[in-house]
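Chemist: Quick one: structure below, then a few questions.
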Amino acid sequence: AWLATAMAIGRLLGTGPSDWGTVIAQPLAAVSVGLVGGEALLDLCYEEDSAADVDMNVVMTGDGRFVEVQGTAEGASYSRQDLDRLLDLAEHGIREILEVGRRTLQSCR
């Protein structure tokens, strides 16, 4: 949604990404993560999600701040160490998504 909004604003304003800060304060991305059989997974498919012991959604801004963290123990409770592992994995995935988005916006200039 952030990427589509940024592209639409760019077309409306006729400007490049560096000028959008007055309209979009931060890029934004979201991922799902979970624990399936003790393994931390990023972007769970339906089969993984339905078998997950822990299911979590994480939304972060481009500067690494959290917008939403929603995690549920579906099959078993989880530890603080598991939570940290899932948040680290989510942050890694979100950073990758935002980098692809930034490169895409640069190529649209």
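The values are calculated or read from the model by the stated rules, or taken from the named source; none is laboratory data. Given the structure is predicted, the values throughout are model-derived calculations rather than measurements. Ideal geometry is used to build each Cβ from the backbone, glycine not excepted, and the neighbour counts take in all protein chains shown. Each accessible area value is taken on the protein alone, full model and side chains, heavy atoms only, with ligands, DNA and RNA left out. Shrake-Rupley method; radii C 1.70, N 1.55, O 1.52, S 1.80 Å.
Chemist: Do we have Ala40 as open to solvent by less than 50 Å² (accessible area, probe 1.4 Å) and modelled with pLDDT under 95 here?
Modeler: For Ala40, the condition - open to solvent by less than 50 Å² (accessible area, probe 1.4 Å) and modelled with pLDDT under 95 - is not met.
Chemist: A further question on this structure: Out of the residues in the stretch 5-36 that are in contact with an Asp or Glu (Cβ under 7 Å, 6 or more places away or on another chain) and not in a strand (DSSP E or B), which is modelled with the highest pLDDT?
Modeler: Among those residues, the one meeting the criterion is Gln26.
Chemist: Right, another one. Tell me which of these Thr72 doesn't satisfy, since it passes every other one: (1) within 18 Å of the chain's Cα centre (by Cα); (2) over 28 Å from Thr104 (Cα atoms); (3) part of a helix (DSSP H, G or I).
Modeler: Of the numbered conditions (1) within 18 Å of the chain's Cα centre (by Cα); (2) over 28 Å from Thr104 (Cα atoms); (3) part of a helix (DSSP H, G or I), the odd one out for Thr72 is (3).
Chemist: Are any residues in the stretch 37-69 charged (D, E, K, R), more than 23 Å from Trp2 (Cα to Cα) and either in a strand (DSSP E or B) or within 12 Å of the chain's Cα centre (by Cα) (or both), and if so, which ones?
Modeler: Glu39, Asp55
Chemist: Can you name the residue in the stretch 70-91 that is touching a strand residue (DSSP E or B) at 6+ places or on another chain (Cβ under 6 Å) and hydrophobic (A, V, I, L, M, F, W, C) and is also nearest to Trp2 (Cα to Cα) among such residues?
Modeler: Ala90
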